[in-house]
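Undergrad: Before anything else, here's the structure in question.
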Amino acid sequence: MTARGEHTLTLATSKFKGPVSASLLVAFSTLTGLVLGEAAVRMVVNPVDYLRANLVEDERLLYKIAPNSSGHDSWGFRNRRVPRSAKIVTIGDSQTYGISASAGNSWPAKLQNLINEGVYNLSVGGYGPVQYAYLLENQAFDLSPSVVIVGFYFGNDLLEAYRLVYTKQYWSALRRGDFIAHEEPSDTDVVNTERGRFLGGLRTWLAQNSIVYGMFTLSSGNIFRFIEMKYFLAESNSDISILDDRERNLHTGFTPLKRLRALNLRDPKVREGLRISLESIRHMQNLCSKKDIQFVVALIPTKENVFAEYIEDNSKINNSDAIDGVIENERQVNQLVKEYLDEHKISYVDILPALEKAVRMKTIYPQSEDGHPNAEGYEVIATAIEERLAR
C-alpha cells in the first residue's frame, strides 16, 4: 500500500473511532450513573415499595413470596417487618397487596395512617378466598389481632377459588362430589411477565431488581402507559378497551374479556368458585368468632364497574358487549354475596359507592388497562373501611 493510501486509511479509521469512542463513553457513563443511582436510593428507600415480588412454589398455596426477598418481611409479605402483634390484619390479593402503588400507599397502609393503629398486610397477588382462610388460620392469629379485614375482589376471586380447589389435591375436601372439573389456565396478577409489551422481558427483570425503574413506573410513567396502551398494546391485544373522554378528563383502559371469564355466572366454574368463596368466608367468620375477633369483608369492585356510568351501553368502546356482561354479572354476584353475608350475620363494607363518587372528581386508577387502583384510589378504599369500622 502506498504512503498516501495508508494515510487515507488512518484518517478514515480515526474518523470512525471518534464516534464509537464517544458512544461507548456515553453508554459507560449512563450505566455507571444508573448503578450509582440505584445504590443511592437503596440507602433511603424501602425496596418493598418498588420491587416486584419473587415467587416460589408452595404445595398448598400454589406459590408464595420468598421470605426476605425484594424488601418483603421474614414471612414473605409486604411489610417492613413481622411485629409481635397487630391491631388489624388485612388479607387479600393484589388489590390489597397494593399493586400499582408503593407499599406505603396500599389501602392497608393508608388505613393504618387513618386509625393510628398497627395494621399488618397479609396479602399476595393472585390469591383467593381459600388461601385467605389458610393465612388467617396459620399466620394471622399469631399476631393476636382485634380485627381481621378480608379484601374480596369480584374481578377474579371466584375463579381463583375454583382453580386452587380443583388443581391442588390438598384442598380436595372442598370439592363438590358431583361436579365435573374443567381445566382453567392461571391468570394470576402477580406472576405476569409483561408478555406483548415493548421490551417485556427486560421490563420484568427491571421490575424485580431495580428500585429506580419501579419509582419511574409509579410516578412519571402514567402518560407513557396510556400512550403505550392506546397506540401499541390495543393493536396487538383485542381485550383492551379504551375510554378516552376529553370532556370529562377520563383516560384509561379495561380488560373486559378477561374479567368476564372470571364473573360469568353461566360458567359452572364461576358458580362453583362462588360457592367455595362463600363457604370460605363463613369459615373465616367462625374462626374469628371463636377468638372474639371482629371480622369484616371489604367488597372490592372491578374497574369496569367503577366506570359503569361512562362505559356501560357505550357501543363506541371496543368490546362493549363484554363490558356490559362484566357489569351485569358483577351486580348479580354482588347481590348474591351480600344476601349470603346478611343471612350469616357477617359484617361487610361495599367499596363501590365510594369509588364511583371519587372517579368523578379525581384520577383513582392508572391511565392504562391496569385494573388496580393507584395511591388515590387506595386512599378511597381505606377511608370507606375506616368509616365502617368507626360505625
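The values are calculated or read from the model by the stated rules, or taken from the named source; none is laboratory data. Treat the numbers as computed from the prediction; the structure is a model and nothing was measured. Here the Cβ is made from the backbone with ideal geometry for all residues, glycine too, and neighbour counts use every protein chain on show.
Matching residues to (1) polar (S, T, N, Q); (2) more than 25 Å from Tyr348 (Cβ to Cβ); (3) modelled with pLDDT of 95 or more:
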residue	(1), (2), (3)
Phe216	no, yes, no
Ser219	yes, yes, no
Leu233	no, yes, no
Leu243	no, yes, no
Arg248	no, yes, no
Asn264	yes, no, yes
Asn286	yes, no, yes
Gln294	yes, no, yes
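Undergrad: Can you find a residue in the stretch 190-197 that is acidic (Asp, Glu), out of contact with any Phe, Trp or Tyr (no Cβ under 7 Å at 6 or more places or on another chain) and either modelled with pLDDT of 95 or more or over 21 Å from Glu279 (Cα atoms) (or both)? Break it down stepwise before answering.
TA: So in the stretch 190-197, the residues acidic (Asp, Glu) come out as 194.
Next, from what is left, pick out any that are out of contact with any Phe, Trp or Tyr (no Cβ under 7 Å at 6 or more places or on another chain): 194.
Within this subset, residues satisfying the condition of being either modelled with pLDDT of 95 or more or over 21 Å from Glu279 (Cα atoms) (or both) are 194.
Within the stretch 190-197, one or more residues are acidic (Asp, Glu), out of contact with any Phe, Trp or Tyr (no Cβ under 7 Å at 6 or more places or on another chain) and either modelled with pLDDT of 95 or more or over 21 Å from Glu279 (Cα atoms) (or both).
Undergrad: Here's something else I'd like to know. Quick check: anything in the stretch 363-372 part of a helix (DSSP H, G or I), under 25 Å from Asn249 (Cα atoms) and not aromatic (Phe, Trp, Tyr)? First the steps, then the outcome.
TA: Pass one, the stretch 363-372, residues part of a helix (DSSP H, G or I): none.
No, every residue in the stretch 363-372 fails to be part of a helix (DSSP H, G or I), under 25 Å from Asn249 (Cα atoms) and not aromatic (Phe, Trp, Tyr).
Undergrad: So which pairs qualify, if the first residue must be in the stretch 274-297 and over 25 Å from Arg176 (Cβ atoms), the second must be small (Gly, Ala, Ser), the Cβ gap must be under 6 Å, and the two must be at least 6 apart or on different chains?
TA: As it stands, the answer is Val296/Ser347, since those pairs meet every condition given.
Undergrad: Any residue at all in the stretch 176-183 that's in a loop (DSSP other than H, G, I, E, B), in contact with a helix residue (DSSP H, G or I) (Cβ under 9 Å, 6 or more places away or on another chain) and buried (at least 24 other Cβ atoms within 10 Å of the Cβ)?
TA: no
Undergrad: Tell me whether the stretch 321-336 contains one or more residues that are farther than 20 Å from Asn156 by Cβ and small (Gly, Ala, Ser).
TA: Within the stretch 321-336, not a single residue is farther than 20 Å from Asn156 by Cβ and small (Gly, Ala, Ser).
Undergrad: If you don't mind, there's one more thing I want to ask. Out of curiosity, is Tyr132 in contact with a Lys or Arg (Cβ under 8 Å, 6 or more places away or on another chain), surrounded by 15 or more Cβ atoms within 10 Å (Cβ to Cβ) and in a helix (DSSP H, G or I)?
TA: Numbers: in contact with a Lys or Arg (Cβ under 8 Å, 6 or more places away or on another chain): no; surrounded by 15 or more Cβ atoms within 10 Å (Cβ to Cβ): yes; in a helix (DSSP H, G or I): yes.
Spelling it out, it is not the case that Tyr132 is in contact with a Lys or Arg (Cβ under 8 Å, 6 or more places away or on another chain), surrounded by 15 or more Cβ atoms within 10 Å (Cβ to Cβ) and in a helix (DSSP H, G or I).
Undergrad: Take the stretch 45-99 and flag every residue that is under 26 Å from Asn374 (Cβ atoms) and of a type in the set (Val, Ile, Thr).
TA: Matches in the stretch 45-99: Val45, Val48, Ile65, Ile88, Val89, Thr90, Ile91, Thr96, Ile99.
Undergrad: Scan (1) touching a Leu at 6+ places or on another chain (Cβ under 7 Å); (2) touching a residue at least 60 places away in the same chain (Cβ under 8 Å) for the single condition Asp350 breaks and write down its number.
TA: All conditions pass for Asp350, except number (2).
Undergrad: Of the numbered conditions (1) crowded, with 22+ Cβ neighbours inside 10 Å; (2) closer than 29 Å to Arg271 by Cα; (3) aliphatic (A, V, I, L, M), Leu352 fails exactly one; give the number of that condition.
TA: Only one criterion in (1) crowded, with 22+ Cβ neighbours inside 10 Å; (2) closer than 29 Å to Arg271 by Cα; (3) aliphatic (A, V, I, L, M) is unmet by Leu352, namely (1).
Undergrad: On the basis of being surrounded by 18 or more Cβ atoms within 10 Å (Cβ to Cβ), within 23 Å of Leu174 (Cα to Cα) and under 20 Å from the mean Cα position of the chain (by Cα), does Ser277 make the cut? Outline the logic, then answer.
TA: Values: surrounded by 18 or more Cβ atoms within 10 Å (Cβ to Cβ): yes; within 23 Å of Leu174 (Cα to Cα): yes; under 20 Å from the mean Cα position of the chain (by Cα): yes.
Yes; evaluated as a whole, the condition is true for this residue.
Undergrad: Would you mind stating whether Ile346 is crowded, with 19+ Cβ neighbours inside 10 Å and over 24 Å from the mean Cα position of the chain (by Cα)?
TA: For Ile346, the condition - crowded, with 19+ Cβ neighbours inside 10 Å and over 24 Å from the mean Cα position of the chain (by Cα) - is met.
Undergrad: Every residue in the stretch 47-103 that is at pLDDT below 95 and in a helix (DSSP H, G or I), please.
TA: Listed by number, the residues that qualify are Pro47, Val48, Asp49, Ala103.
Undergrad: Assess whether Tyr378 counts as being of a type in the set (Ser, Thr, Tyr), at pLDDT 95 or above and more than 19 Å from the chain's Cα centre (by Cα).
TA: The answer is no for Tyr378.
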